[in-house]
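Take a look at the structure set out below.
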Amino acid sequence: MGYLDYIQRKKELQKLEEERARKDGREARKISFKKLPEGKRGYYDHKNPNKITINKDTVKQDYYQSMRTVIHEGRHAYQDDIVKGRIEPKEADRGKINNWKHNSREMGGYYFKYQESPLRYRFQPKEDDANNFANEKMNSFSERFKSDPKYQKHMAYYAIRDKSESRQARFQICENYREKIAEEVKIIYQKSQQILKSQQPYSINDQQQNTNNKPTTTQEPGKPSPAVQRYREKEAARQEAIKTHREAHGNTQDHTQGRGK
């Protein structure tokens, strides 16, 4: 494809994100285009919540896949805004909030990496929701792109893939695999919360500092702010809960680092 075509695609993808953000009632993210490792199409990072990163090679090679990725990662931005209390959820999503929180590492929950279990990665609450949301929105373009064989091929591929993965999950995990995976991340989240509650509680001001990630009082040189200290204790509690859970299930291998999407 030509350079001008690539520039136009970038503009259209940014416009797509802005349209979705308006419908979701959230702030639109800036789309950053960069070369990513092979197989990684894009990501949203809760530590840098103002942008979504998309693999520039995907944009050049497969426009419909890049559309799907923008929608998918935008859904993660929406999930993040909900669990952090930045926006109010849509009525249809209120019942999903706890599952998203349990599945959020920074909230003390657990997020399966692909290397740990491809099927648990695929069907954990946040990923399953983002995949279903992207499928729904990509299907909504059927009238607009119905004459394009590439769109038809893209949609057929995902229909087959989703059926195959669901079949594998029922065989390898259990019939109610979604509920099983959601329960697994919930158990780890609850254990980490129990550990935190056993520690010295923080004041309301400290909790507000943790939310804003900015200290509001003068701190001693070399001493971490209450926000940083709170994050460290939360992460330590999360790791302890994960360790306890793995030991109980005979799995002590550390999979916390991995490919991601």
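A short reminder: the numbers here are calculations on the coordinates, not readings from a lab. Please read all numbers here as calculations on a predicted model, not as lab measurements. So basically every Cβ, Gly included, is an ideal-geometry build from the backbone, and we count neighbours across all protein chains shown.
Arrange the peptides 56-64, 103-111 so that the one whose residues have, on average, the most other Cβ atoms within 10 Å appears first.
Details: 56-64: 17.8, 103-111: 21.2.
Ranking the peptides 56-64, 103-111 by packing returns 103-111, 56-64.
So for Glu12, Glu179, fewest C-beta neighbours within 10 Å to most, what's the order? Please report the intermediate quantities before stating the final value.
On the way: Glu12 15, Glu179 10.
So the residues, fewest neighbours to most, are Glu179, Glu12.
If packing is taken as the average number of other Cβ atoms within 10 Å across a peptide's residues, how do 77-86, 153-162, 113-122 rank, most packed first?
Values: 77-86: 19.5, 153-162: 13.4, 113-122: 17.7.
Per-residue Cβ counts within 10 Å, averaged per peptide and sorted highest first, yield 77-86, 113-122, 153-162.
In terms of Cα to Cα distance under 19 Å, which aspartates and glutamates are near enough to Lys191, apart from those fewer than 8 places away along the same chain?
Those aspartates and glutamates meeting the cut-off are Glu106, Glu179, Glu183, Glu233, Glu235, Glu240, Glu247, Asp254.
Enter the mean projected area of the convex hull around the alpha-carbon atoms of the range 95-156, in nm², rounded to one decimal. Working shown, then result.
Working: hull surface 22.4 nm².
The directionally averaged projection comes out at 5.6 nm².
Amide H to amide H, which residues 5 or more places from Leu36 or on other chains are under 5 Å from it, using H placed in the peptide plane?
HN-HN under 5 Å from Leu36: Lys56, Asp57.
Using the count of nearby Cβ atoms within 10 Å as a rough guide to exposure, how do Met67, Met138 rank from fewest to most? Numbers along the way, then the final one.
Values: Met67 24, Met138 20.
Least crowded to most crowded, the residues run Met138, Met67.
If you stretched the chain out fully between Gln168 and Ile97, how much longer would it get, using 0.36 nm times the residue separation minus the C-alpha to C-alpha distance? Provide the component values of the computation, followed by the final result.
Working: separation 71, 0.36 × 71 = 25.56 nm, distance 2.66 nm.
Fully extending the segment from Gln168 to Ile97 adds 22.9 nm.
Once you've got the Cα coordinates, tell me which of Lys51/Lys163; Lys23/Lys90; Lys30/Lys146; Lys51/Lys146; Lys113/Lys243 are over 20 Å apart. Let's see the in-between values first.
On the way: Lys51/Lys163 32 Å; Lys23/Lys90 10 Å; Lys30/Lys146 29 Å; Lys51/Lys146 31 Å; Lys113/Lys243 16 Å.
From the list (Lys51/Lys163; Lys23/Lys90; Lys30/Lys146; Lys51/Lys146; Lys113/Lys243), the Cα-Cα distance tops 20 Å for Lys51/Lys163; Lys30/Lys146; Lys51/Lys146.
Of Lys10/Lys137; Lys10/Lys40; Lys153/Lys180, which sit over 22 Å apart, Cα to Cα?
Lys153/Lys180, as the Cα separations exceed 22 Å there.
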